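*Asks:* What follows is a single structure, and I will ask about it in a moment.
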Amino acid sequence: MSLIKRTLQWALPATPAERVVALWAFAYFFMLLAGYYVLRPLRDQMGIAGGVKALPWMFTATFATLLLIQPIYGALVKKLPRRWFIPIVYQFFVANLALFWLLLTLNVSTAIVARVFFVWVSVFNFFAVAVFWSLMADLFTSEQGKRLFGFIGAGGTAGGLLGPLITIGFSVPFGSTNLLLVAIVFLELAVICIYSLERCVARSGGQHRDPGRRRRGELAASGGERHPAVRRLRPADVFGTDQRRQPRHGGGELGRAGPARSEERHLLEHLARDHRREPYGAHACGRRAAFH
């Protein structure tokens, strides 16, 4: 086993299906935050160009913009499927960056464009990262998140380190305005990672969600597929006694069970005890889906 493979297994304790999805998520977050941290120094520069006295108003405008956009964002999440919504969001941001680059290159109302750009980058940071983690919560279970989200988050940290280095290295020879083109490239690479991530999820058929690690709330359903006693269960056998089906003499099917049915009796009693001990739905765990 190569050193790289051993290191990967140590840093990413996961099944093969989980590992592929987590690596694409790592790359996605890396590209996303690298693009943002290329823009962040430019945002600060634009904030100063727009006037230092206007900074409080720009922060207020950022807050107001978030309040206005949030209902629109929620409505789109409800109506569009995930595989369409997320790429559309990032392509919208790419189109905005291309427009800002054009306006700044042509020196069109530089002070106003600088102030709008300052607000736009702040809003972009909020929504871009929120969309990413919503997707991660949709793809992975809570147990998987404890094992994989640290590794995936490291991708964002690495991107956050690369972005400022690119800004330092390219701002002087190419000009700060052309850094917008670098950010566009990173966002397009993030969209490619999204498409690859969705393809891996579709190809795995849900195996990346680690079906072998079932929650306790799924115990009866998973056992029902394998144990003959559970396949013959009626709701009245587990949750109560159906008096209408009790014979007048004898104890019914369970009452007549002999030594050959002892295993079934033991299993039924165990399930009945669990039901009496725990309130209904106490261990039900639903998927925290952000997109439908």
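Values in this text are rule-based calculations from the coordinates and carry no lab data. None of the values given here were measured: they were computed from a predicted structure. Counting neighbours? That spans all protein chains shown, and the Cβs are built from the backbone with ideal geometry, glycine included.
*Asks:* Once phi is turned into θ = phi - 60°, what whole-Hz ³J(HN,Hα) does the Karplus curve with 6.51, -1.76 and 1.60 give for every residue of the stretch 171-183, x standing for Gly and Pro?
*Replies:* Per residue, the Karplus-derived 3J(HN,Hα) values read 5, 6, x, 10, x, 5, 5, 6, 5, 4, 5, 5, 5 Hz.
*Asks:* Further question on the same structure: Determine the relative contact order of the stretch 13-209: mean sequence separation of Cα pairs under 8 Å and six or more apart, normalised by residue count, in whole percent.
*Replies:* 54
*Asks:* Compute for the stretch 13-209: radius of gyration divided by Kirkwood radius, i.e. Rg/Rh, restricted to C-alpha atoms, rounded to two decimals.
*Replies:* 1.00
*Asks:* Order by neighbour count: Trp10, Trp24, fewest other Cβ atoms within 10 Å first, most last.
*Replies:* With the sparsest Cβ surroundings first, the list reads Trp10, Trp24.
*Asks:* A further question on this structure: Counting other beta carbons within 10 Å of each residue's own, what order do Glu18, Glu198 fall into, fewest first?
*Replies:* By the 10 Å Cβ count, ascending, the order reads Glu198, Glu18.
*Asks:* Could you please rank Asp138, Asp44, placing first whichever residue has the fewest other Cβ atoms within 10 Å of its Cβ?
*Replies:* Asp44, Asp138
*Asks:* Shifting gears a bit: Starting from the Cα-Cα distance between Asn107 and Lys78, subtract it from 0.36 nm times their residue separation and give me the gain in nm to one decimal.
*Replies:* Computed gain between Asn107 and Lys78 is 6.5 nm.
*Asks:* Can you give me the Cα centroid spacing of the stretch 17-95 and the stretch 138-178 in angstrom?
*Replies:* For the stretch 17-95 versus the stretch 138-178, the Cα centre distance is 13 Å.
*Asks:* Here's something else I'd like to know. Which residues among the stretch 107-131 fall inside the zone where the amide N is under 11 Å from a point 7 Å beyond the Cα of Ala54, along Cα→Cβ?
*Replies:* Inside the label zone: 109-119.
*Asks:* Pull out the extension gain between Ser142 and Asn178, defined as 0.36 nm times the separation in residues minus the alpha carbon to alpha carbon distance; nm, one decimal.
*Replies:* Using 0.36 nm per residue and subtracting the Cα-Cα distance, I get 8.9 nm.
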